[in-house]
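> One structure is given below, represented as structure tokens, and several questions about it will come after.
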Amino acid sequence: QVQLVESGGGLVQAGGSLRLSCASSGVIFSINSMSWYRQAPGKQRDLVATITSGGRTNYANSVKGRFDISRDNAKNTVYLQMNSLKPEDTAVYYCNVNDVLTRVDYWGKGTLVTASS
């Protein structure tokens, strides 16, 4: 059974920082790309950042230079360091994996990030 469990969300003032974590189980973490998505109220879910099994990263234009995605294969965990947070970053942040072996998409339940102005 695949589980993705996010943590680290909360309320922060604009300009502040938060670090999200996503602990994975049930997939071979080290061979999979991992992604963070976010969904603001009334909006679609959008890709924020991806890190490949080899450590290559990709970011949405809106977060480039402010967010940093990383992974610890020994802990089966992916992180999202969020700096210089803006009110428009307010959203529920979801961890995602598309299992390279089964091509099944898995999602965590999400963690709420609120950046107040």
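> What's the longest piece of the chain with no exposed trypsin sites (Lys or Arg not before Pro), counting a site as exposed if DSSP puts it in a loop and it has at most 13 other beta carbons within 10 Å?
1-42
> Where is the GNM fluctuation largest for the chain (alpha-carbon springs, 10 angstrom cutoff): 77, 102, 57?
Looking only at 77, 102, 57, the largest GNM fluctuation is found for 102.
> Straight-line reach from residue 43: which lysines have a Cα under 18 Å away, not including same-chain ones fewer than 8 places off?
Of all the lysines, those that pass the test against residue 43 - Cα under 18 Å, at least 8 places apart if same chain - are 86, 109.
> For residue 62 and residue 105, FRET efficiency with R0 = 22 Å and r from the beta-carbon atoms, rounded to 0.05?
Result of the calculation: an efficiency of 0.45.
> What list of ³J(HN,Hα) values in whole Hz, one per residue of segment 23-31 in order, does the Karplus curve 6.51 cos²θ - 1.76 cosθ + 1.60 (θ = phi - 60°) give from phi, with Gly and Pro shown as x?
Running phi through 6.51 cos²θ - 1.76 cosθ + 1.60 with θ = phi - 60° gives 8, 10, 8, x, 10, 7, 4, 5, 9 Hz.
> Mean-square fluctuation check for the chain, GNM, Cα pairs under 10 Å: which of 23, 60, 91 is largest?
Among 23, 60, 91, the largest GNM mean-square fluctuation belongs to 60.
> Turning to a different aspect of this structure: Suppose a student asked you for the relative contact order of the chain, using Cα pairs under 8 Å spaced at least 6 residues apart; what percent would you report?
36 percent
> Using a 1.4 Å probe over the heavy atoms of the protein chains, calculate the carbon and sulfur portion of the accessible area of segment 30-73 as a whole percent.
After summing per-atom areas, the C and S share lands at 42 percent.
> How many Å² of accessible area per residue for the chain, probe 1.4 Å?
Per residue, the chain has an accessible area of 53 Å².
> Ok, one more. Rounded to whole Hz and in sequence order, give me ³J(HN,Hα) for segment 46-62 from the Karplus expression 6.51 cos²θ - 1.76 cosθ + 1.60, θ = phi - 60°, writing x for Gly and Pro.
These are the phi-based 3J(HN,Hα) values: 10, 6, 9, 7, 9, 10, 7, 4, x, x, 6, 10, 8, 10, 5, 4, 5 Hz.
> Okay, next question. What's the center-to-center distance, using Cα atoms, between segment 72-93 and segment 1-16 in Å?
One Cα centre to the other: 6 Å.
> For the chain, what value does the Rg/Rh ratio take when both radii are computed over Cα atoms and Rh is the Kirkwood radius, given to two decimals?
0.95
The values are calculated or read from the model by the stated rules, or taken from the named source; none is laboratory data. What you see is a predicted model, and the numbers here were worked out from it, not measured in a lab. Cβ atoms come from the backbone with ideal geometry, glycine included; neighbour counts cover every protein chain shown. The protein model used for the area step is the full one, side chains on, heavy atoms only, and it has no ligands, DNA or RNA in it. Shrake-Rupley method; radii C 1.70, N 1.55, O 1.52, S 1.80 Å.
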